[in-house]
Amino acid sequence: MISNEMAARLNAQINRELFSAYFYLGLSAQAESSNLTGTAAWFMAKHGEEMSHALKIYRYLLDQDATIELESVSAPPAKTAGIMDMFERTMHHERSVTSAINDLVDHASREKDHATHIFLQWFVTEQIEEEATVNDILGRLRLFGDQGQGLLMIDNELAAAAKKIGAAAAPAA
Ligand code: OFO
């Protein structure tokens, strides 16, 4: 059993994860419309990951006998100005999620809620990995360029990375 306050904060995080999924779905659509099929696949894989994050918290709340409160999900941002803008927005977004996760961990500590504190460690680690990945993509875009051959190479790399995300997310046979 967790406190009502902790449950409310985790419900708000479900909403943030659902927004993240929506955010990536929007970017996937924009990338596909620009013929960046690898980038579109990568954002679609991220969409799936974020849905799984929302469901992880959903499951935790139910296991803790807390109430699920689903709120409306905000619209994703308007059209971006190309691949660099997409990943800059992604970086900004992931940093804001990291900050929200850190606030949740702080609150679990204040409440001495050890179960939630342990549960959230997975999200802390996930955010480190996500920020590092996006930082790497941005670095490669700056190095090789966001047009022509450089863009084609990065789009191909993102296609391969999307397959790996999909394989990692697939249930074991
Ligand atoms: Fe949910 O992993 Fe980042 O946002």
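Below, the figures for the structure above:
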read-out	value
Segment 7-50, residues that are of a type in the set (Gly, Ala, Ser) and closer than 30 Å to Asp63 by Cβ	Ala7, Ala8, Ala12, Ser20, Ala21, Ala45, Gly48
Of the criteria (1) part of a helix (DSSP H, G or I); (2) open to solvent by 60 Å² or more (accessible area, probe 1.4 Å); (3) without any contact (Cβ under 8 Å) to a residue 40 or more places away in the chain, which one Val105 fails	(2)
Residue within segment 109-117 that is at pLDDT 95 or above, open to solvent by 90 Å² or more (accessible area, probe 1.4 Å), more than 23 Å from Met51 (Cβ to Cβ) and in a helix (DSSP H, G or I) present	yes
For Ala40: the one exception among (1) without any contact (Cβ under 8 Å) to a residue 24 or more places away in the chain; (2) open to solvent by 40 Å² or more (accessible area, probe 1.4 Å)	(2)
Residue ID - nearest to the ligand (Cβ to nearest atom), chosen from residues in segment 1-32 that are within 12 Å of Ile83 (Cα to Cα) and either surrounded by fewer than 17 Cβ atoms within 10 Å (Cβ to Cβ) or hydroxyl-bearing (Ser, Thr, Tyr) (or both)	Ser28
Residue in segment 82-100 that is over 16 Å from the mean Cα position of the chain (by Cα), without any contact (Cβ under 8 Å) to a residue 40 or more places away in the chain and either open to solvent by less than 30 Å² (accessible area, probe 1.4 Å) or closer than 20 Å to Arg16 by Cα (or both) present	no
Pairs where the first residue, in segment 122-146, is within 14 Å of the ligand (Cβ to nearest atom) and the second is open to solvent by 60 Å² or more (accessible area, probe 1.4 Å) and assigned to a helix (DSSP H, G or I), C-beta under 7 Å, 6+ apart	Glu131/Arg95
Evaluation of Asn35 against (1) surrounded by fewer than 18 Cβ atoms within 10 Å (Cβ to Cβ); (2) under 13 Å from His93 (Cβ atoms) (one fails), failing number	(2)
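The values are calculated or read from the model by the stated rules, or taken from the named source; none is laboratory data. Everything numeric here is computed off the predicted structure, so don't read it as measured data. When we count neighbours, we look across all protein chains shown, and the Cβ atoms used for this are built from the backbone with ideal geometry, even at glycine. Only protein heavy atoms, including side chains, enter the accessible area calculation; ligands, DNA and RNA are left aside. Shrake-Rupley method; radii C 1.70, N 1.55, O 1.52, S 1.80 Å.
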